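Written out below as structure tokens is the structure these notes cover.
FYI, it's all coordinate maths here, none of it is from the lab. As the structure is a prediction and not an experimental result, all values here were calculated from the model. Using ideal geometry, Cβ is built from the backbone for each residue, glycine included, and neighbour counts are taken over all protein chains shown.
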Ligand SMILES: C[S@@+](CC[C@H](N)C(=O)[O-])C[C@H]1O[C@@H](n2cnc3c(N)ncnc32)[C@H](O)[C@@H]1O
């Protein structure tokens, strides 16, 4: 993978205001990947493919990333980007709404990255837990959403998203079968694993 091509993809995404993964969040996930054998990743929210491409760096040889995106323009750009920088590994884009696609999947994944509509996080969690290997991990990005989630923010504009993110945190922290860390990096990252492996 050429780092110049990857930098160009990142720069274009930022110029176009596509909300790609923040550097410190990516670093945290890649650190986790370095110490584990990750063969299969599921990503919810591809955008232009930037995070998926970055994840391939630490994927086991022959590994695969399934990534879901519903926006046609994003899908078009993601396909072009993947073609430029990622020929060795397979990134498979599921085109459509994750709400419809997730229930049709029955593979097991070592790592699941949730990075799409915030109002759907509790549903994404339910599906992610079903699709996660017993020793796998779920990363949920934007979990603190500009600090709104742990504050007394209650304004109408983002209230639905904030309430769903709060519900996600409640689910992953109160379930006795799960262990979760909430990190105040980037826009907030929740890291969830199954407990009794
Ligand atoms: C934050 S961006 C993903 C960024 C990407 N993971 C990265 O870091 O490079 C979120 C993407 O999720 C997509 N999305 C949001 N809700 C979705 C849904 N329900 N199903 C499929 N895609 C969705 C949006 O169109 C957007 O492109």
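For the range 3-143, relative contact order (Cα pairs under 8 Å, six or more residues apart, normalised by length) works out to 23 percent.
Rounded to the nearest 500, the helix-only mean residue ellipticity at 222 nm of the chain stands at -12500 deg cm²/dmol, with each DSSP H run of n ≥ 4 adding -39,500 (n - 2.57).
Separation of the range 124-157 and the range 24-58 by C-alpha centroid, Å? After rounding, the separation between the Cα centres reads 17 Å. The range 84-197 gives an Rg/Rh value of 0.99, both radii derived from C-alpha positions and Rh following Kirkwood. Measuring nothing but alpha carbons in the range 1-80 and taking Rh as the Kirkwood radius, the Rg to Rh ratio lands at 0.95. Under the simplified labelling scheme, the residue 35-residue 133 pair shows an inter-label distance of 1.7 nm, with each label point 7 Å from Cα along Cα→Cβ. Largest mean-square fluctuation among 99, 172, 137, in a Gaussian network model of the chain whose springs join Cα atoms under 10 Å apart, belongs to 99. Annotation for residue 57 and residue 7: the two label points, set 7 Å from Cα along the Cα-Cβ direction, are 1.3 nm apart. Convex hull volume per residue, computed on the Cα atoms of the range 36-117, equals 79 Å³.
With both residues required to sit in the range 3-143, DSSP beta bridges show an antiparallel share near 0%.
So what's the chain giving for Cα Rg divided by 2.2 N^0.38 Å, two decimals? Please report the intermediate quantities before stating the final value.
Details: Rg = 16.0 Å, N = 197, 2.2 N^0.38 = 16.4 Å.
The chain yields a ratio of 0.98.
Fewest-first ordering of 58, 113, 123 by other beta carbons within 10 Å of each residue's beta carbon gives 123, 58, 113.
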